[in-house]
Amino acid sequence: MNKPIRVGVLGAGLGSRLSSRAKAKPLALLGGKSLLSHLISALKNCGIQSIRCALRDELLTAEEKKGLPQEEGVSYLFVNTESSLHTLVELIESMGSQSGPALFTMADTVLRPQDLRGFVEFCQRLPAGDCAVLTTTFVDDEKPLWVHVSPDGKAEKFSSEPGSQITSGMYFLQPQAMEIAKELTQRGVHKMRNFLAELTTRGMPIKTFVVSKTIDVDHPSDLDKAAAFMQGD
């Protein structure tokens with residue numbers, strides 16, 4: 001029987017490049033549904049029972065907050081954080097690092113439902129103590145974070161130097177890794193890439209799960225790309 005997994009969604013960025021489509025990036029529409037709604041539905045279809053979504057408080061009115069997806073097991077955390085790493089830490093504090101590992105995903109990562117299911121099941125089967133990162137060989141990003149992978153599929157280094165795969169915005173973290181994230185923000189560190197690099201520096205075991213393609217929604221044109229991608233183009 002697969003172990004249950006809880007999920008934290010990082011959606012508290014300013015999303016200024018998508019402001020013409022939505023006040024907050026997770027609410028941008030893709031095929032008539034918000035990115036957040038698509039993600040929650042896909043996670044639910046993978047059997048995820050607990051989903052905590054961090055959204056940017058200053059971008060949402062009280063009415064907009066009431067209009068967010070209200071499904072069983074879905075809860076919200078409203079923050080105005082400095083960076084995605086700070087949002088991660090707010091989620092960790094809210095969800096509790098001592099409750100075991102958790103999967104964290106950016107709200108703007110779009111991937112095929114079967115690939116999401118594959119990653120969830122991969123995380124459920126990992127040995128105790130292992131972290132995981134979703135990666136892809138498809139590169140369409142302004143500043144990709146490259147993953148340098150060992151022959152047995154472990155992340156050896158995260159850097160701006162080109163490698164064989166890039167990160168795709170989904171991370172399965174053990175409590176020890178969560179504590180490192182908290183430590184780094186207390187030291188004034190920003191950015192997820194710095195956190196991931198620190199994990200490899202400290203020798204944390206991180207397995208990679210590679211898929212053929214994901215879309216990182218940053219610009220209005222990315223929504224059109226994502227819609228075509230989800231339709232099989």
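Read-outs throughout are calculated quantities, based only on the coordinates presented, and are distinct from any laboratory measurement. Given the structure is predicted, the values throughout are model-derived calculations rather than measurements. So basically every Cβ, Gly included, is an ideal-geometry build from the backbone, and we count neighbours across all protein chains shown.
Here are the numbers for the structure shown:
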read-out	value
GNM top mover of Glu93, Glu179, Glu72 - the chain, alpha-carbon springs below 10 Å	Glu72
Footprinting exposure proxy for His219, His148 (fewest neighbouring C-beta atoms within 10 Å first)	His219, His148
Rg in Å to one decimal, and Dmax rounded to a whole Å, for the chain via C-alpha atoms	16.5, 51
Neighbour-count ranking [beta-carbon atoms within 10 angstrom, fewest first] of Arg125, Arg17, Arg187	Arg187, Arg125, Arg17
Within-9-Å neighbourhood charge of His148 [Cβ basis; K, R +1; D, E -1]	-1
Around Val89: net Lys/Arg minus Asp/Glu count, Cβ-Cβ under 14 Å	-2
Exposure proxy ranking, count of Cβ atoms within 10 Å, fewest first, for Thr201, Thr185, Thr135	Thr201, Thr185, Thr135
Leading residue at positive end of dipole, the chain (Cβ point charges), from Val74, Ala226, Ala28	Val74
Listed residues Phe104, Val120, Leu196: farthest to the positive end of the dipole of segment 6-230 (Cβ charges)	Val120
Segment 176-233 versus segment 131-147: alpha-carbon centroid distance in Å	7
Cβ-based net charge around Ser160, under 13 Å, with every Lys or Arg adding one and every Asp or Glu removing one	+1
Cα-based shape type of segment 76-153, given that a ≥ b ≥ c are square roots of the gyration tensor eigenvalues and the cut on a/c is 1.5	oblate
Potential extension, Ala228-Asn80 segment - 0.36 nm per residue separation minus Cα distance	50.1 nm
The chain - mean residue ellipticity at 222 nm from DSSP helices (-39,500 (n - 2.57) per run, n ≥ 4, rounded to 500)	-9500 deg cm²/dmol
Candidates Gly188, Gly129, Gly15, ranked by Gaussian network fluctuation over the chain, Cα under 10 Å, top entry	Gly188
Gaussian network model of the chain, springs between alpha carbon atoms under 10 Å - residue of Ala181, Ala62, Ala24 with greatest fluctuation	Ala62
Additional length obtainable on full extension of the chain from Ser99 to Asn194, 0.36 nm per residue less Cα span	31.7 nm
Given charges at beta-carbon only (K, R positive; D, E negative), |dipole| of the chain in Debye	280
